[in-house]
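Colleague: Submitted below is the structure of interest, expressed as C-alpha cells.
The values are calculated or read from the model by the stated rules, or taken from the named source; none is laboratory data. What you see is a predicted model, and the numbers here were worked out from it, not measured in a lab. With ideal geometry, Cβ positions are generated from the backbone for all residues, glycine too; neighbour counts draw on all protein chains shown.
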Amino acid sequence: MLTYRCKAFNELNLLQLYAIMALRQEVFVVEQNCPYLDADGKDLAAHHLVGYDDNGNTVAYARLLPKGVSYEHHASMGRIVTKPSVRGRGLGKELMKNALDWADRLYPNESIKISAQTYLRKFYEDFGFVVSGEEYLEDGIPHLPMVRG
C-alpha cells in the first residue's frame, strides 16, 4: 500500500515536480519508446496525485484535470503511471481507485473522459469507463476515448 498526496501545481516543490517528470519520462518516453512533449502546458491547471512507497519514492502518479482543459465537456485524468519496479502488486488498481476518489472530490458531478491505451480497455472498464468513440493513434500507440459518469 502506498501513501497518496494530491496537490495543485503551485503546491508542488521542485523535488516533487522533478520526481513526477522523471517517472512520466521513464515510462512514457523511454519504456514505451515514444518521444513526445510531456510538458504540454496542462500541468499548470492540474492536480497531481502521487503515490509514495515506504521510503518516500515516487512510484505512482495520475494527473487530474478540470473540465475545459483536455475536453470541453468533461473533467479528465491522464499520465496514469506506475514505476516498472513496483508493477504486479495491484498498485495500478490502487492508483485508479485513489485517482477516481480525488476526481470525485475535486470535480463533483462531472463525467471523466480519458484517452486510454487500447490494451488497457478492460482495466478501465472495471472502473466504470465505457468506450465513447473509435480507436485512434496517439503518438503511434492505439488509444480509445472512454468516459465514466
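Colleague: If a residue has to be surrounded by 13 or more Cβ atoms within 10 Å (Cβ to Cβ), farther than 15 Å from Met77 by Cα and small (Gly, Ala, Ser) to count, how many in segment 113-149 make the cut?
Modeller: Qualifying residue count for the region: 1.
Colleague: Among the residues of segment 63-89 satisfying the criterion of being surrounded by 17 or more Cβ atoms within 10 Å (Cβ to Cβ) and hydroxyl-bearing (Ser, Thr, Tyr), which is nearest to Gln16 (Cα to Cα)?
Modeller: Thr82
Colleague: Spot the failing condition for Gly51; the list is (1) under 19 Å from Asp139 (Cα atoms); (2) in a strand (DSSP E or B), and only one is missed.
Modeller: Looking at each condition in turn, Gly51 falls short on (1).
Colleague: Given (1) within 16 Å of Lys83 (Cβ to Cβ); (2) modelled with pLDDT of 95 or more; (3) part of a helix (DSSP H, G or I), identify the lone condition not met by Tyr4.
Modeller: Among (1) within 16 Å of Lys83 (Cβ to Cβ); (2) modelled with pLDDT of 95 or more; (3) part of a helix (DSSP H, G or I), the lone unmet condition for Tyr4 is (3).
Colleague: Still on this model: From Ala62, Ala39, Ala22, which residue is out of contact with any Pro (no Cβ under 6 Å at 6 or more places or on another chain), assigned to a loop (DSSP other than H, G, I, E, B) and at negative phi?
Modeller: Ala39
Colleague: When you look at Arg105, is it in contact (Cβ under 8 Å) with a residue 40 or more places away in the chain, of a type in the set (D, E, K, R), under 21 Å from Gln16 (Cβ atoms) and out of contact with any Leu (no Cβ under 6 Å at 6 or more places or on another chain), yes or no?
Modeller: no
Colleague: Can you tell me which of Arg63, Arg87 is of a type in the set (D, E, K, R), free of Cβ contacts under 8 Å to residues at least 24 places away in the same chain, in contact with a strand residue (DSSP E or B) (Cβ under 9 Å, 6 or more places away or on another chain) and farther than 22 Å from Glu134 by Cα?
Modeller: Criteria check complete, one pass: Arg63.
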